[in-house]
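Heads up, the thing below is written out as structure tokens.
Bear in mind these aren't lab numbers, they're just calculated from the coordinates by the rules spelled out. Just so we're clear, the structure is a prediction, and the values are computed from it rather than from any experiment. Every residue, glycine as well, gets a Cβ built from its backbone with ideal geometry; the counts of neighbours run over all protein chains shown.
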Amino acid sequence: VLTGLVSSIQRFCLHDGPGIRTTLFLKGCPLRCFWCHNPECLSAQPQVQVFPERCLGCGACVAACDHGARTRGPAGPVYRRDQCQVCGHCITECFAGALEMVGRRMTVGQVMDELLRDRAFYRGLGGITLSGGEPLMQVDFSRAVLAAGRDEGLHTALETSAHCLWEDLECLLPLVDLLMVDLKHADPEKHRAVAGVTNKRILENLQRLAATDIPLLLRTPVIPTVNDTPEEVGAIADLVKGMRENRLQRGAEPPRLELLPFHRLASDKYRGLGLTNKSSSLRTPPPEALHLLVDEARKRGIEVECK
Ligand code: SF4
Ligand code: SF4
């Protein structure tokens with residue numbers, strides 16, 4: 001049976017496409033953006049997430065662990081990620097919710113059961129969104145969920161970095177009503193420095209997408225020190241402008257650009273996963289700086305939103 005590794009299913013999302021949406025977050029991502037807002041989706045494996053502030057100190061997790069990964073320390077239980085076999089026994093025993101498993105193997109039917117619970121809220125405008133992580137890393141599962149959503153008459157959106165094989169992306173397009181491509185930087189080397197891979201494949205895929213009719217929204221997270229200058233946002237807007245011209249010549253719907261200001265909501269997730277948060281010193285850009293970036297992008301005659 002086909003299964004996917006699901007990080008979470010979030011209900012009543014307002015920023016993952018039109019209307020009210022239910023978003024399926026899939027685990028695994030080929031990029032390593034240092035400010036990632038969803039660090040629990042980076043690894044393609046299940047992980048134990050630790051919330052020490054919820055711990056009551058009962059020691060049940062220590063007794064449950066046969067691998068020496070959960071031991072007693074002077075200030076409460078200590079978790080040794082390098083010893084952990086991710087068996088989940090400690091999680092079953094912890095009634096305080098201080099330990100959680102990130103990553104559930106689910107069938108398409110199980111995912112659809114959860115997504116369809118919210119159908120009444122979609123009201124013709126909303127629907128389901130596949131995000132992550134990178135849904136293209138689980139392309140067969142993503143395709144099956146999108147197809148099931150279509151069969152149910154739901155609006156389907158897909159959020160991707162487009163750092164993937166074109167053939168994989170292409171095969172999903174007939175099942176997608178809105179494609180959201182996250183573009184972090186126009187320059188290949190800076191992209192590599194901040195996201196771990198160059199944007200060569202992403203830019204190639206964007207050119208191919210420009211030649212299709214798929215409704216397309218480019219999304220750029222505005223990250224201080226990464227891409228928050230008018231020149232950097234302008235270079236991304238230039239790319240969108242080129243795609244717009246391609247599409248208008250053919251009478252197709254032009255792509256839109258959305259700027260998403262950095263926020264620090266992910267700090268607790270980094271801590272709970274034992275990951276270093278390299279963006280902890282960054283601040284959300286002030287509204288006036290964002291207005292300037294939006295104005296710069298709009299000079300190209302493209303449609304720009306900022307939320
Ligand atoms: S998941 Fe298993 S191995 Fe890891 S700490 Fe818990 S009980 Fe121990
Ligand atoms: S079982 Fe939960 S509450 Fe009890 S010591 Fe372990 S983490 Fe803390």
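Given the criterion near ligand 1 (Cβ under 10 Å from one of its atoms) and in contact with a Pro (Cβ under 9 Å, 6 or more places away or on another chain), identify the matching residue among VAL86, VAL102. Before you say what the answer is, go through the steps one by one.
Numbers: VAL102 fails: near ligand 1 (Cβ under 10 Å from one of its atoms).
Just one listed residue meets the conditions, VAL86.
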Handout entry: Long-range neighbours under 7 Å by Cβ, at least six apart or interchain, first residue touching a residue at least 12 places away in the same chain (Cβ under 8 Å) within segment 261-275, second surrounded by 15 or more Cβ atoms within 10 Å (Cβ to Cβ) and assigned to a helix (DSSP H, G or I)
Key = PRO261/LEU290; ALA266/PRO39; LYS269/PRO39; LYS269/GLU40; TYR270/PRO39; LEU273/PRO39; LEU273/GLU40; LEU275/PRO39
Exercise for the section: Considering each of LEU115, LEU146, LEU125 in turn, give the residue that is surrounded by 20 or more Cβ atoms within 10 Å (Cβ to Cβ), in contact (Cβ under 8 Å) with a residue 24 or more places away in the chain and over 29 Å from ALA195 (Cα atoms). Expected result: LEU115
Practice task
Collect the residues in segment 33-76 that are β-branched (Val, Ile, Thr) and either out of contact with any helix residue (DSSP H, G or I) (no Cβ under 7 Å at 6 or more places or on another chain) or surrounded by 15 or more Cβ atoms within 10 Å (Cβ to Cβ) (or both), keeping them in residue-number order.
Solution key: VAL48, VAL50, VAL62
Problem - GLU170 in contact with a helix residue (DSSP H, G or I) (Cβ under 7 Å, 6 or more places away or on another chain), surrounded by fewer than 23 Cβ atoms within 10 Å (Cβ to Cβ) and not β-branched (Val, Ile, Thr) - result: no
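For (1) in contact (Cβ under 8 Å) with a residue 12 or more places away in the chain; (2) near ligand 2 (Cβ under 9 Å from one of its atoms); (3) hydroxyl-bearing (Ser, Thr, Tyr); (4) within 30 Å of THR3 (Cα to Cα), each residue gets a yes or a no:
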site: THR22; (1), (2), (3), (4): yes, no, yes, yes
site: CYS33; (1), (2), (3), (4): yes, no, no, yes
site: VAL48; (1), (2), (3), (4): yes, no, no, yes
site: GLY57; (1), (2), (3), (4): yes, yes, no, no
site: GLY73; (1), (2), (3), (4): no, no, no, no
site: VAL78; (1), (2), (3), (4): no, no, no, no
site: ARG81; (1), (2), (3), (4): yes, no, no, yes
site: CYS87; (1), (2), (3), (4): yes, no, no, yes
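Out of the residues in segment 238-259 that are part of a loop (DSSP other than H, G, I, E, B) and under 25 Å from the mean Cα position of the chain (by Cα), state the one that is surrounded by the most Cβ atoms within 10 Å (Cβ to Cβ). It would help to see each step written out before you state the result.
From segment 238-259, those part of a loop (DSSP other than H, G, I, E, B) are 250-255; that's our starting set.
From what's left, under 25 Å from the mean Cα position of the chain (by Cα): 253-255.
On the way: GLU253: 13, PRO254: 18, PRO255: 25.
Per the criteria, the residue is PRO255.
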Problem - Set ASP228, ASP213, ASP268: member being of a type outside the set (Ser, Thr, Tyr), at negative phi and surrounded by 15 or more Cβ atoms within 10 Å (Cβ to Cβ) - result: ASP228
Handout entry: Residue selected from segment 59-70 under the condition within 9 Å of ligand 2 (Cβ to nearest atom) and either in a helix (DSSP H, G or I) or over 32 Å from the mean Cα position of the chain (by Cα) (or both), by the criterion nearest to GLY272 (Cα to Cα)
Key = CYS61
